[in-house]
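Beneath this line is the structure, given in C-alpha cells, with notes to follow.
FYI, it's all coordinate maths here, none of it is from the lab. Keep in mind it's a predicted model, so treat the numbers as computed, not measured. So basically every Cβ, Gly included, is an ideal-geometry build from the backbone, and we count neighbours across all protein chains shown.
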There are 2 protein chains.
Amino acid sequence: MSLSALFPMFLGVFGLGGAFYLYKEVKKYPGGEDKIARIAEQIHLGAMVFMRREYKILGIFCAVVLFLILISDLGWKTALSFLIGAFTSALAGYIGMYTATQANVRTAVAASTEGVSSALTVAFFGGSIMGLTVASMGLLGLGFLYLIFGGNPETAHVIHGFGMGASSVALFSRVGGGIFTKSADVGADLVGKIEAGIPEDDPRNPGVIADNVGDNVGDVAGMGSDIFESYCGSIIATIALASTMAATTLTQLNASQDQLMFLPLVLASFGLICSMIGIFIVKQSANKSPEVALRAGTIGSSVLFIFIALLLIAVMGISLKVWGSVLVGAVGGIIIGLVTEYYTSGAPVLKVAKAGETGPATVMIAGLSVGMQSVVIPVLTICGIILISSNLSGLYGVAISAVGMLATVGITMAIDAYGPVADNAGGIAEMGGMGKETREITDSLDELGNTTAAIGKGFAIGAAALAALAIISAFIETISHHQQDFSLQINDPLVLAGMFLGGIFPFLISAITMNAVGEAAFDMIKEIRRQFRDIPGLLEGTAEPDTERCVDIATTAALKRMVLPGILAVFSPVVVGFLLGPEALGGMLGGALICCVLLALTMANAGGVWDNAKKHVEKGNLGGKGSETHKAVVVGDTVGDPFKDTSGPAMNILINVMAIVSLVIAPLLV
Amino acid sequence: MSLSALFPMFLGVFGLGGAFYLYKEVKKYPGGEDKIARIAEQIHLGAMVFMRREYKILGIFCAVVLFLILISDLGWKTALSFLIGAFTSALAGYIGMYTATQANVRTAVAASTEGVSSALTVAFFGGSIMGLTVASMGLLGLGFLYLIFGGNPETAHVIHGFGMGASSVALFSRVGGGIFTKSADVGADLVGKIEAGIPEDDPRNPGVIADNVGDNVGDVAGMGSDIFESYCGSIIATIALASTMAATTLTQLNASQDQLMFLPLVLASFGLICSMIGIFIVKQSANKSPEVALRAGTIGSSVLFIFIALLLIAVMGISLKVWGSVLVGAVGGIIIGLVTEYYTSGAPVLKVAKAGETGPATVMIAGLSVGMQSVVIPVLTICGIILISSNLSGLYGVAISAVGMLATVGITMAIDAYGPVADNAGGIAEMGGMGKETREITDSLDELGNTTAAIGKGFAIGAAALAALAIISAFIETISHHQQDFSLQINDPLVLAGMFLGGIFPFLISAITMNAVGEAAFDMIKEIRRQFRDIPGLLEGTAEPDTERCVDIATTAALKRMVLPGILAVFSPVVVGFLLGPEALGGMLGGALICCVLLALTMANAGGVWDNAKKHVEKGNLGGKGSETHKAVVVGDTVGDPFKDTSGPAMNILINVMAIVSLVIAPLLV
C-alpha cells in the first residue's frame, strides 16, 4: 500500500493549494484606502505581534519538553513527532490569523461597494482558509509520520508525540488568546461604553483596536488550534487503538490491522474533499440568504461524507459496523450543535432577558440554570455515541466515531472562523465611518456568525469529548498491552482517588482563567482611563489614541497568565502517573473528562444565552438600550464573556492535553 | 454478644433522654409575653404546618416506594427497614424543629433579660436537642434492626432499606426546605428592603414570618436530615462491607466478621457520649466568649472520641490499622471544615467585596472563581482519606473513616443548628421591638452562627462524600459477591456511558432547584406586593399583615417543586440499573459522586463568600450600606442564596440517595 500511503499527504498538499487559491481570491478584493487601510493594518499588525510574542514563549516551552522527551526513554522519534505536531499547529494558527486579518477589511469594503453577497463570500473565504489549513496541516503532518513510522504497529506509538505537540500549542493559544480577547473586550467596553459614553468600536477608544485584535487572536487562532488538536487527536487515538487490537476483534470487523490503522487517515482525507465541495456549495449559494448558503454547505458536505465513507468502507471490504460507528459520530456532532443553537438562541434567551426585569441577580440565576440544564441532551448524545459505536465495533468504534464527527472539519471550522471575520469587518466599518448601510450588512453577517459560532462551540465540545475519550481508551489499551493484569476498576482506591483528583483540574483551571481575565481587564481599564485623562483632545476626536500600547498591555497580560494553566495541564499527568501510577492516572483522566465536558457545556451555553439576551434587549425589547433591564442583562453578558470565550473553551483542550500527555508517557509507566 | 448488641439502642435511648433533659432546661427560660409570644407562636405554627403538609406528601411517596419494595423480590424485611428509616428521619426532623422554634424566642428573651451567656446557652441547647436527636434516632433505629437482622451476614442487607428510607425523607426535606427558605428570604428582602424601603425583619413586612419559618425549615430540619442520612449511610455501608468481607482480609485486620460489622455502631455509640460531654463543656464555658466555648466543645469531643476509639479497638483486639482509618476520617473532617471557614471568611471575602467596586459582574466572577478554587484542598483531603484509609484497611477502611468523621455528629450538628436558632432570635427581637442592646447580643450570636454554619456545611459535604463513597463501595461489593466476574472498568463502554450519565444529574438538579427558588420567590413577591397595595394602613403600621398567607404560599411553592428532583434522584438508579445493568449503574454513581462533591463545594463556598462580602460592606467598609459597591455585593448575595442553601446542599443528598437506592436494589440486578 506504498502508493496509497501517500494519499493523506497528497490531500494535505491539495488542501493547502485550495487554501492558497482562496487567499488569492480574497486578495483580489480591494483592501480599502487611507483611514480604513490604516485601521486594518493596525489590527493585522497587533495580531501578528501577539502571535510572534506568544510563539516565543511557546518556543521556550517546547524546547523544555523536547529536552525532557529526549532524556527520557521515549526517544528521538517521539521528540521529532512532537516537534512536527507543535510546528504544524503553530503554522496553521499563523496562516489562519494572517489571512483572517486580510479578509476582515475586504469584507467591510465589499459590503460597502458590492453588497451582501460579495461580503459573505469574502468573509466566508477568510474563514475557509483557516478551515482548509487546519485539515490540511493535520493530514500533511500525520500522513508524513504515518508514512515513516505508522506502517509498523511497533513504532506507531511515536505518532502520539504529534498529538502532544499539537495540544500543547493549542492549550497556550486557546488560553492566551482567550485571556487577550476578553480582557480587551471587557476593558474597552467598560471604560468606553459605560464610563465615557461613546459607542462600541468608536475610533476614539484606545482599546478598540485591541478588542478587534482579540477577535482574531481568540476566536480564529484559538478556535483553530482547539479543533486542530481534536482532529489530530481522534486520528491518532484511532491508529493507536488499531495498533493494539486483538486478532479476534480484527476478524469480527473483517479487516486487517493495516486497514484499520490507515482508515482514519483515509476518512479524514475524503472528509477534506467533502469540505472543499461544501465551500464550493456556499460560494454558489451566496446570492441566496447567507443563512441558507452556510447551512447548505455544511449539511451538503456531511451527507456527502457519510455516503463516501460507506462506499469506501464497503470497497475496502471492512465490516459495515465500522461505518455505523462513523455515521453515529457524524450525526451526533450535528445533534450537539443544534442543541447548542437552541439553548443560545431559542426560548431560553427570552427567559433570561425577561429575568432582567427583576435585576442582575435573577439574570445570573436564570443564565446559570440554562447553562446547567443544557448539558442534558449533549451528554445523553455522547452516551448514545459511546454505547452504539462500541456495540458496533468496540473501543475502536468510539474512536472512529470521533473521526466521523471531525472529518468534515474543513467546512465546520470555516463557518466558525467566518464569524470573527464578519465581526471584525463590522468593527472596521464603524471605526472607519463607512456609513450605516455598510454597517447593516456587516451586522447581519455578524449576527449569523454568532449563531454559527454557537453551533461551532457545541460541536467543538462534542468533538473534544469524543477525541479525549478515544485518546484515554488508547492510553488504557497501551498500558494493558504491556501489562496484562492492568485494570481500572472504579472501586480500586487508587482509581477512585485519581477520579477525584481529575475533577479538581477543570474547576481550578476555570477559576484561574476567570481570574486572569478579571486581572488583565483591570490592567486594560487603567490604561484606557489614563489615555482619556492624559491625551488632550482624545475624546473630542482631535487627537489619536495610543492603540498600540493597549495591544501591548493585553498581550503582556495574556501571555503572563497563560503559563500557569498550561504548565498545570501538561505536567499534572506526568506527576500523578509517576507518583501514584497508571491506575491513579487513568482514574484522573476519567474524572477530568466528565467534569471538563460538563463545565465546558455549562459555561459555553450560559455565556451564549447571556450574550444573546443582551442583544435581544438591545434590539429594543423589554425597554431596550439604557433601561434597567438592559443594565441587568449587560451584567450577565460581562460574566458570560470569560465563561464562553476563555474558561469554557479551555476545558476542551485541558482534557485533550491531559489525555495525550498520558498516552505519550504510557510506555514509561509500565 | 447478646447483651452488648443492646448497647447502641441503649445509648440511643440515653441520648434521647439527654435531649429531653435539654428541652426541659430550655423550657425553664421564659417564652416572652404579648407581642413577642405571638410572633414566636406564628413562627412555630408556620414551621409545624409546613412539616405536616410536607410529611403528607412524604407519606404518599413512601407508600408508593413501600408498595414497590413489597412487590419486588426485596421482601418485607427491607420494607420494614425502609419504613423505620423514613419514620426515624422524619421524627428527628420534627423534634428538632419543634424545639428549635421554642428555643428561638427564649434566646431573644434571655438576651434581653440575662445577657449573652444565658442567650448562648439557650440557643446552643436548642441546637443540641437536634444534634442529640439525630444521633440517638440513628442509633436506636439501626441498633434495633441490627439486633434482629444484622447479626447474620445473610440478612444484614435488609438494613440498607433503613438508609433508603432516611435518605428519601432527607432529600425531600432538604430540597423542600431549601426552596421554602430561600423563596421567603429573597421575596421578603426584595419587596421589603428594596421596594418598600423598610428594614430587615420589620413586622410590617408580610413575608418576614415566612422568612423566619424558613430558617427553621431549611437550616434546622433540612440540615438535620442531611446529616442524619450521612450518619446512618456510613454506618450501614460499613456493616455491608464487613458482611461481604473475604476471610483473608479478616485475618489481616485480626478481627472476626461480627466484630467488624458491629464496630461502626459501637464507635457511633461512644461518639454520642463524647458529643454529650462536648455539650457539657460548651455549657461550662458559656461565661467565656461564645466562640471559645463552641470551639472547646467541638475540639474536646473530637479529641476524646479519637482516644476512646483507640482504647476500644485495642481492647477488642482488632488491628490498630482500623483505628488509623478512623483517625484519618476524623482529622479529615476537621481539615475540610477549616478550609471552608477560610474561603468564606478569610482573605477571599475581602477580594470579593473589593470586586464590588467595579460592579456586580466582577462580584459574580470573583465569587464563582473563589468557589471553584475552594474545591482543591477539600478534594485533595478526600483523596488523602481514601488512599490512607484504604491502604490501612481496604475498602472497609474508607467506610470506617466516614464513621470516624461522623461519630461526633451530636455536637457538630448542635453547633450547626445553633446558628438558625440565634438568627431567629434576632428576627424576633427586631419584630418585637426588643431594643438595640438585645439586638446587639443576638447579632453577635448570629454572626458566630454564620461561621459555625459555614464549617458545618463543609463538614456535611465531606461527610456526605465519604458516606456515599462507602455506600457505592458496598454496592460494588454486593454485586461482586453475587456475580464473581463483575468489574467496573472505566474503559468498559457501559461504565463510561454511566459515568457521563451520572454527571448529568448534579447539573440538572442544580438547574431545577435554582429555577424553583426563582419561581417560588416570584410567587412570594407578588403576594407581598399585593398586601402592601391592598391592605390599608399596613405600611403606616396601623394594620396587620396577613403573614399566614405568605407562609402558605412559600409552603405550597416549595412542596410543589420538591417533587421532580426527588423523583429523579430516587428512580434514576432504578431505571439505569434495570435498563443498562449494574455496570452502567456503577459508572453512574462514580460520575455523580465526583460532580456532586465538586458542585457542592463550589456552590456552598461561592454562596458563603458572597454572603460575607455583603456583610463586610454592610459593616461600613468600601462605602457601606447604600453605596454602589453595596448594591453590587447584594447581587452576589442574592445569587449565593440558592447556591448555598438550596442547590448546593441538595448535592449531598442526591448522591447519597442515588447510592443507597442502588445498594438496596443491588440483589435484584445480579
If you take each beta carbon of peptide A:370-381 and count the beta carbons of other chains within 10 angstrom, what is the mean? 5
Of the listed pairs B:K24/B:K288; B:K56/B:K560; B:K193/B:K351; B:K436/B:K619; B:K182/B:K526; A:K436/A:K615, those with alpha carbons more than 20 Å apart are B:K24/B:K288; B:K193/B:K351
Vicinal HN-Hα couplings computed from phi for region B:138-149 (Karplus, 6.51 cos²θ - 1.76 cosθ + 1.60; Hz; Gly/Pro x): x, 5, 5, x, 5, x, 5, 5, 4, 4, 8, 10
Using the Kirkwood radius built from alpha carbon pairs, what does the Stokes-Einstein equation give as D for the protein assembly as shown at 20 °C and 1.002 mPa s, in µm² per second? 67
Bin all alpha-carbon pair distances of region B:3-669 at 10 Å intervals from 0 and give each bin's fraction as a whole percent. 3, 17, 29, 27, 16, 6, 1, 0
Relative to the longest principal Cα axis of chain A, at what angle does helix A:320-345 sit, 0 to 90 degrees, rounded to 10? 20
Just to confirm the filter: which GluC sites (Glu not before Pro) across region B:510-545 are DSSP coil and have at most 10 other Cβ within 10 angstrom of their Cβ? B:E540
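Could you work out, residue by residue across B:353-365, how many beta carbons of other chains sit within 10 Å of that residue's beta carbon, and then give the average as an integer?
Average neighbour count from other chains, rounded to a whole number: 6.
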Pairing the Cα long axis of helix A:409-431 with the longest principal axis of chain A, what angle in degrees results, from 0 to 90 and rounded to the nearest 10? 10
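Inside 10 Å of the C-beta atoms of A:387-398, what's the mean count of C-beta atoms belonging to other chains? Before the final figure, lay out the partial values.
Details: counts 7, 2, 1, 6, 2, 0, 0, 1, 4, 0, 1, 3.
Neighbouring Cβ atoms belonging to other protein chains average 2 per residue here.
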For helix B:160-188, report the angle its Cα long axis makes with the longest principal axis of the Cα atoms of chain B; keep it between 0 and 90° and round to the nearest 10°. 20
Just from its helices, what would the mean residue ellipticity at 222 nm be for the protein assembly as shown, if runs of 4 or more DSSP H residues each count -39500 (n - 2.57) and the sum is divided by every residue, rounded to the nearest 500 deg cm²/dmol? -29000 deg cm²/dmol
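Under a point-charge model restricted to the Cβ atoms of Lys and Arg (+1) and Asp and Glu (-1), what is the dipole moment magnitude of chain B relative to its Cα centre, in debye to the nearest 20?
Dipole magnitude for chain B comes out near 540 debye.
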Dipole axis of region B:3-669 (+1 Lys, Arg; -1 Asp, Glu on Cβ), positive-most option in B:A268, B:A422, B:I471: B:A268
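Can you list the equivalent-ellipsoid semi-axes of region A:242-374, largest first and in whole Å, using the square root of 5 times each Cα gyration tensor eigenvalue? Spell out each step's value before the answer.
On the way: eigenvalues 330, 103, 18 Å².
Semi-axes (√(5λ), whole Å): 41, 23, 9.
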Alpha-carbon centroid distance for the pair region B:584-634 / region B:507-581, whole angstrom: 21
Taking a label point 7 Å from Cα toward Cβ, how far is A:Q483 from its twins in the other copies, in nm, shortest first? 2.7
Among A:M524, A:G127, A:G608, the residue whose Cα sits farthest towards the positive end of the charge dipole of chain A (+1 at Cβ of Lys and Arg, -1 at Cβ of Asp and Glu, taken about the Cα centre) is A:G127
Per-copy distances of the B:G435 label point, shortest first, in nm (7 angstrom along Cα→Cβ): 8.0
